[in-house]
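Worksheet for the structure shown next.
The values are calculated or read from the model by the stated rules, or taken from the named source; none is laboratory data. Here the structure is a predicted model, which is why all the values come from computation and not from measurement. No Cβ is skipped: glycine too gets one built from the backbone with ideal geometry, and neighbour counts run over all protein chains shown. Ligands, DNA and RNA are excluded from the accessible area calculation, which covers all protein heavy atoms including side chains. Shrake-Rupley method; radii C 1.70, N 1.55, O 1.52, S 1.80 Å.
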Amino acid sequence: MRLGRGFYRSAAVAAAISLVLSTISTTQSKAQNAQFKGWAAVSRELSTRLAAPGASFDLHKFVPADDLDELLGTWNRFGDEHTLQNGSPNSVSMVIWRVALSGFAKSVAGSCGQPRLTFHDRFLTTLRKLCRWPAAEAKSDAVLQEFWFSVMGYNAPQSEYAAWREFFLASYASRPAAETIDAMTLAITMNPYFLLHR
Amino acid sequence: MIPTRRDMLKISLAGAGTLILPGSGLLPASAQSPDEPHFFLMIVLNGGADCSYMFDARPLSMTKAGKIQNYLGQEPAPFTGRNGTGTLATSLVKPLLPFRDRFSILNGVYMTPSFDGHLQNMNFLFTGNAFGGDSFIPHLNLPDTGREPQSLDGVLSSDPVVVTVNNHSAVVPLMPRAVAGLANSLKQTPPLAGGELTEFIRGRMTANASGPGRLSAAAALMQAGLDKSPRVHQQLAQLTPPSGRDSPEQQTLALITQCFRLSISRSAIYSPSEFFDVHATEQAKTQPKMFASAIGKIVTLLKGLGETPFDSRRSMLDVTTVMVASEFGRTMRSPDGTVDDTGTNHNQFSNSILLGGKGIRGGLVIGASDLRDEVEEPSAAHLQLDPLQEKTMGLPFDFATLTTRPDMPAAFDVKDYLTIGSVVNTIYALFGVPKEHYRVLRRELPTAQVLNGLLM
């Protein structure tokens, strides 16, 4: 029996597939996890959303020490490949995010009087309304939604906003504005939808 | 001073005598107590280091015959392990000789079955899968080992090793230069306290961690990291910054030993800056210099571990298992050019690994690669994988005696060879990692055999 080209081609493909399969471990693979955006990207997003036109925030001052921003996700080049390194969440990166974002949140909360960062006018207007907390006008859905979208952007589902709003209306109902805005900002910026690439 | 053959023989004979000491024979290993402190240091020689510049050298007659490049230009000396197995070693390894009874040499270690790329073989080294997967490093910190897990699975105290792994979220890059700022800052900031706000933030992570997607997986990691963060915060705040006057390796050592002693991390990964991927002739000619530098760094770490107390009874080396490995070895030469004007390519069929420290029987030479001189003929199994005879290849291996076999297989069968799977499974056995994690030789084959004779 003569074997045609098709047979050899099929055999070669089958051999190649089995070669690839043979190298795959029998252990089950887990789903890859999303990576942190990294400090540079988060800084850029916050500047884009909140800073006055032509200005950008110097948010590096909130990172606990030089080089630590690399632990929050940084691009690495290996030959022609560019990969995001250190983007997987871990306990050390969570410590650093918490410290850095707490600093940013305090700056936002401390801007009810003299702004500590060069915010754009629209955000300042929203912030000043929120600074009247716990007054009723600061708790309106329009003000809360404007603040939420200003910081979070449009990456999170509506359910995240609803949970955030409900929590602050209930748990911070009578607390001072500075404490509330600090906590609101930290709660938004520590949200997975804010910190992670989707 | 370059050690002469006579020096090497003297040292070898002295070492061989210790084989008759109680408890030092080639007997099966006894299990380590879970209460014993046990850490792991992995030193990665990046780029594929040529084993012939260390403990798997070739005689100059092979170079004269045009078979293998040798830019050191010196005759290697015989090196015999306490188990009587010999190899050839270059003068470049002389700084390691004071530690020869603390580590063993594994030659002819087979890496991936099918690929000769850097990433595939680095993946295979860490995960047992050329395409990546779960790394063995976090497995050493599993609660199933019987030890209380350290806060982190590992710290990476040098530039990143490029590898595709799923489970390195608790293998954290931590460079010595970052410690001062980190510790000072954390001392000034209180750790995350409990309370409503923390619970809310945690709750959003929990709520988003339940789905099947990538964001959910990351949200789960964020939550796990947040839960551990108060303890990690307090531990990191205790770190003392390494002295800026010390060499980078001394600073690395200071950081690693603190991470171990403060229960921050189970393992540490360190990769010297030398990059051993020497395809071009000019790169290949720098190998003696690169190896001398990298070996000097390894010696600094080993010496430092030996001199740094873990407690009143033990040094850090007494409680740390150390592995030195590259992703693969190298071909003997490139096909083009003359033997004194050539680079080398990748060789996944023969790698050398040093394994020492806690739990490892030191002073042994285990395994060997073929084509040991200019007249040795390869087996048919070798020719099956490397018909042009560009690569050395591990010799068939007897796992009971940890010696090479004299037969010349007619066809390649991975069960005949010493593989990286066996090396990793031996480390697993040492740390008490459950057998479900042991590496298989191939998906339809059994687990790679543990090198029991290597364990104390």
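General remarks:
- Accessible area (Å², per residue) of region B:67-182, counting only protein heavy atoms and a probe of 1.4 Å: 28 Å²
- By the Cβ-Cβ criterion of under 4.7 Å, the unpaired cysteines of the protein assembly as shown are B:C51, B:C259.
- Put simply, the amide H of B:N46, placed in the peptide plane, has neighbours under 5 Å in B:F276, leaving out anything fewer than 5 places away on its chain.
- If you model chain B as an ellipsoid using its alpha carbon gyration tensor, with each semi-axis the square root of five times an eigenvalue, the axes come out at 39, 24, 22 Å, biggest first.
- In order through region B:443-455: 3J(HN,Hα) via Karplus (6.51 cos²θ - 1.76 cosθ + 1.60), integer Hz, x for Gly, Pro: 4, 9, 10, x, 5, 5, 6, 6, 8, 4, x, 8, 9
- Taken across both chains, chains A and B shield about 4800 Å² of accessible surface from a 1.4 Å probe.
- Take each residue in B:229-239, count the other chain C-beta atoms within 10 Å of its C-beta, and the mean is 3.
- Remark: region B:47-92 is approximated by an ellipsoid whose semi-axes, taken from the C-alpha gyration tensor as √(5λ), come to 19, 13, 9 Å, largest first.
- Coarse-grained scattering of region B:278-428 at q = 0.09, 0.16 Å⁻¹, given as base-10 log I(q)/I(0) from a Debye sum over alpha-carbon atoms: -0.38, -1.03
- Protein accessible area in region B:212-282, 1.4 Å probe - carbon and sulfur %: 53 percent
- Region B:92-217 shape via C-alpha gyration tensor axes, a/c threshold 1.5: oblate
- Relative protection proxy for B:389-400, B:149-160, from highest mean packing down: B:149-160, B:389-400 (other beta-carbon atoms within 10 angstrom).
- Percent carbon-and-sulfur accessible area, region B:287-409, ignoring ligands, DNA and RNA, probe 1.4 Å: 55 percent
- One Cα centroid belongs to region A:124-198, the other to region B:245-286; the line between them spans 45 Å.
- Shape of region B:90-151, Cα gyration tensor, a/c cut at 1.5: oblate
- For B:K67, the lysines whose Cα falls under 28 Å of its own Cα, not counting residues fewer than eight places away in the same chain, are B:K94, B:K285, B:K289, B:K391.
- Subset of A:K37/A:K106; A:K61/B:K228; B:K228/B:K297; A:K37/B:K303; B:K415/B:K435 violating a 28 Å alpha-carbon distance limit: B:K228/B:K297; A:K37/B:K303
- A dipole drawn for the protein assembly as shown from +1 and -1 charges on Cβ atoms has a positive end, and of B:S229, A:S93, A:L127 the residue lying farthest that way is A:L127.
- Taken one residue at a time, the phi angles of region B:73-81 give Karplus couplings (6.51, -1.76, 1.60, θ = phi - 60°) of x, 10, 6, x, 9, x, 9, 10, x Hz. Gly and Pro are set to x.
- Square roots of 5 times each gyration tensor eigenvalue, C-alpha, region A:25-134, largest first, Å: 33, 16, 13
- Calculated diffusion of region B:161-253, Stokes-Einstein form, Kirkwood radius summed over Cα pairs, 4 °C and 1.567 mPa s, µm²/s: 83 µm²/s
- Calculated SAXS-style log₁₀ I(q)/I(0) at q = 0.06, 0.11, 0.12 Å⁻¹ - the protein assembly as shown, Debye, Cα scatterers: -0.40, -1.07, -1.21
- Cα-based Rg of region B:210-250 normalised by 2.2 N^0.38 Å, two decimals: 1.88
- Here the Karplus curve 6.51 cos²θ - 1.76 cosθ + 1.60, taken at θ = phi - 60°, turns the phi angles of region A:95-107 into couplings of 4, 5, 4, 5, 5, 5, 6, 5, x, 5, 4, 5, 5 Hz, with x standing for Gly and Pro.
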